[in-house]
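To start, the structure itself, in structure tokens.
The values are calculated or read from the model by the stated rules, or taken from the named source; none is laboratory data. These numbers were taken from a predicted model, which means no experiment stands behind them. Here the Cβ is made from the backbone with ideal geometry for all residues, glycine too, and neighbour counts use every protein chain on show. Keep in mind that these areas ignore ligands, DNA and RNA; they rest on the heavy atoms of the full protein, side chains included. Shrake-Rupley method; radii C 1.70, N 1.55, O 1.52, S 1.80 Å.
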Amino acid sequence: MIDNLNWTATIVFVFFFALVTVIGFMASHWKAGDLNQLHEWGLGGRRFGPWITWFLLGGDLYTAYTVIAIPALVYAIGAYGFFAVPYTILIYPFLYLTMPRLWAVSRKHGYLTAGDFVFGRYGDKGLELAVALTGILATMPYIALQLVGMEKVIQALGFHGEGYLAHLPLTIAFIILALYTYSSGLRAPAMIAFVKDIMIYIFIIAAVIIIPIQLGGFGVIFDAAGKVYEAKVAADPKLQAGLILTAPQIGPYVTLAIGSAMALFMYPHALTGTLAASSGQAIRRNTMTLPAYSFVLGLIALLGIMAHAAGVKVTNPQDAVPQLLLKVFPDWFAGFSFAAIAIGALVPAAVMSIGAANTFTRNVWKPFVNPQVTSLGESTIAKLVSLIVKVGALAFIFFVPTKFAVDLQLLGGVWMVQIFPAMILGLYTRWYSGPALLVGWAVGMILGTSLSWGAAAWISVHGLAWDIPLIGKFDLGLGFAAYNGFTAVIVNFLVATILSAVWKSKAPDQTQAADYEDEAAAA
Amino acid sequence: MKYLLLLAPCVLTVLTPLYNALTPDFLGIPLFYWLQLLLIPVSALAIWAADRVAKAQP
């Protein structure tokens, strides 16, 4: 198993891993609070100021899977993989306007999750459950994929095992993660995020300086990559690939960016990171400073291009970045970079499992199983659920092909967009009714899923022409295809609007208009 | 005004056909890549400016 191990890289890797493990366990004493209270364990006591929030959200949003998968897409087909950049540009103005409102109303009423807010606003248990289950369903494959990212770098260190033994290092890492998340809650990934984010910035900045110097400049790099894409298209004329987008890729590119932006902050882990902030102003400041991570993400995407120029030839595009780093960096720095990526899996995996646990405890267990659950009971259940979720993700890696996790995550994104209307409209108006939003959600889920059911595989885009059963062909006449999440949420929104006009709800609204203003906005 | 500042970079970003090209390049980086990368700090600045405007209003 360890015959081909790159010892230098591995020793550096293990050192940094051990470092964050110690930090993870010590975190429970940081900004000390009663970790038997769910808001302390699950939201860090809502005490994370702008800097901590920056490290946490950055570490949470820019994950190991992102570092592996985005360049993998660029390596495979070029410009289309860059969608991650416009997607992140679109997010921050939107967050600036909406998240302080959600933070303010959540702080006022003790909401910890999307489901909490939706129930408080609309008084509809069905909608609350729908929002919660969507979040949990979409998060599960995402955690599994972090493990895939971690395993890619472990393999690149030279560790090869047979059968289940191949997953041994991953299992050890995950058990350790599970232990300190159990004891420290959100404080653990928040502290670890400091280390991880600094490491990622270091190795990416080094890469974009060193690699162009080594290869002779960006012009040479892009030319070389361009030739690779041309060869690919020559071999397979149906393939859409290139240094810039092909005409059929433009509609999908734009709608994928928009749809992904709409979905991102609906995920439990993104909301968890946001609601843990100490003020609305901390969130606003972060919308100006988190774009630094977007820039790094753009550079990470370029690694896919650089891999071609450096002569990296791999059959699985996900191996492109690890192999590139091994090729251009000395062993010890490759080990450092791999550690950054692997730790980059731990932070989001921890926050995702905490977010899913918060959601299950508050919006599934409490309303439907035990409404009398105590504060201690809540945090106990959440801790257990976060363990179960991690074990489940590990089981996924052991028993399910990676392709399935990738497909599920793709669907998860489509599903996650569908709670956007309920959440975001709710921050501004009560005109919509809970049941109408629930129907809209259901329509969006069904439509999004069925659009993604391609002939041979799950697909993320679909032409804007449909065969509606019993009615016939419906063609919007627009020549392009769109991201299924985007198409589905438009229909979702229309359905919810039409139904809300006729189906008024008398359910109580716990909130008042003033609750959505934080002090800075009111000042 | 605040909303205009927040919206402007977003509008530019989704007008992909405008920047889906190789030239003019910057240090060998095609337009498609450097423009989108540049839009990132531009949008961060726009948010900062919008925040200033919002704070200046009573």
Leading residue by the ranking (farthest from the other protein chains (Cβ to nearest Cβ)) among those in the stretch B:1-18 that are within 19 Å of A:Tyr80 (Cβ to Cβ) and part of a helix (DSSP H, G or I): B:Leu18
Quick one: what pairs do we get from the stretch A:498-518, first residue surrounded by 13 or more Cβ atoms within 10 Å (Cβ to Cβ), second of a type in the set (Lys, Arg), C-beta under 6 Å, 6+ apart or different chains? A:Asp509/A:Arg121; A:Asp509/A:Arg430; A:Thr511/A:Arg121; A:Asp515/A:Lys108; A:Tyr516/A:Arg101
Is the stretch A:193-200 home to any residue that is open to solvent by 50 Å² or more (accessible area, probe 1.4 Å) and either under 19 Å from A:Thr63 (Cβ atoms) or assigned to a helix (DSSP H, G or I) (or both)? yes
For A:Gly44, are the conditions met, namely being under 29 Å from A:Leu302 (Cβ atoms) and in a helix (DSSP H, G or I)? no
Taking the options A:Tyr65, A:Tyr80, A:Tyr92, name whichever one is open to solvent by 10 Å² or more (accessible area, probe 1.4 Å), in a helix (DSSP H, G or I), touching a helix residue (DSSP H, G or I) at 6+ places or on another chain (Cβ under 8 Å) and at pLDDT 90 or above. A:Tyr80
If a residue must be closer than 27 Å to A:Asp116 by Cβ and surrounded by fewer than 16 Cβ atoms within 10 Å (Cβ to Cβ), how many such residues does the stretch A:1-29 contain? 0
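Conditions (1) closer than 23 Å to A:Pro401 by Cβ; (2) modelled with pLDDT under 90, marked per residue:
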{"residue": "A:Gly126", "(1), (2)": "no, no"}
{"residue": "A:Val153", "(1), (2)": "yes, no"}
{"residue": "A:Glu162", "(1), (2)": "yes, yes"}
{"residue": "A:Ser183", "(1), (2)": "no, yes"}
{"residue": "A:Pro189", "(1), (2)": "no, yes"}
{"residue": "A:Ile213", "(1), (2)": "no, no"}
What are the residues in the stretch A:222-269 that are open to solvent by less than 40 Å² (accessible area, probe 1.4 Å), assigned to a loop (DSSP other than H, G, I, E, B) and within 16 Å of B:Ala21 (Cβ to Cβ), if any? A:Leu243, A:Leu245, A:Thr246
For the stretch B:19-58, how many residues meet the condition of being outside any helix (DSSP H, G or I) and buried (at least 17 other Cβ atoms within 10 Å of the Cβ)? 3
Restricting the stretch A:288-313 to residues that are farther than 24 Å from A:Met199 by Cβ and in contact (Cβ under 8 Å) with a residue 24 or more places away in the chain, the residue that is nearest to the other protein chains (Cβ to nearest Cβ): A:Ala309
In the set A:Leu127, A:Leu133, A:Leu112, A:Leu56, the lone residue that is more than 30 Å from A:Ala241 (Cβ to Cβ), over 21 Å from the mean Cα position of the chain (by Cα) and either away from chain B (no Cβ under 14 Å) or touching a residue at least 60 places away in the same chain (Cβ under 8 Å) (or both) is A:Leu127
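One line per residue, one yes/no per condition, for (1) under 22 Å from A:Gly251 (Cα atoms); (2) at pLDDT 90 or above; (3) under 32 Å from the mean Cα position of the chain (by Cα):
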{"residue": "A:Ile459", "(1), (2), (3)": "yes, no, yes"}
{"residue": "A:Asp467", "(1), (2), (3)": "yes, no, no"}
{"residue": "A:Ala481", "(1), (2), (3)": "yes, no, yes"}
{"residue": "A:Ala501", "(1), (2), (3)": "no, yes, no"}
{"residue": "A:Ala513", "(1), (2), (3)": "no, no, yes"}
So in the stretch A:400-433, with the set limited to residues that are within 20 Å of A:Asn316 (Cα to Cα) and hydrophobic (A, V, I, L, M, F, W, C), which one is least open to solvent (accessible area, probe 1.4 Å)? A:Ala405
Mind listing just one residue for me: the one in the stretch A:217-245 that is more than 9 Å from chain B (Cβ to nearest Cβ) and of a type in the set (Val, Ile, Thr) and, of those, farthest from A:Pro317 (Cα to Cα)? A:Val233
Can you name the residue in the stretch A:287-311 that is within 11 Å of A:Val74 (Cβ to Cβ) and of a type in the set (Gly, Ala, Ser) and is also surrounded by the most Cβ atoms within 10 Å (Cβ to Cβ) among such residues? A:Ala307
So which residues in the stretch A:95-120 are touching a Lys or Arg at 6+ places or on another chain (Cβ under 9 Å), of a type in the set (D, E, K, R) and open to solvent by 20 Å² or more (accessible area, probe 1.4 Å)? A:Arg107
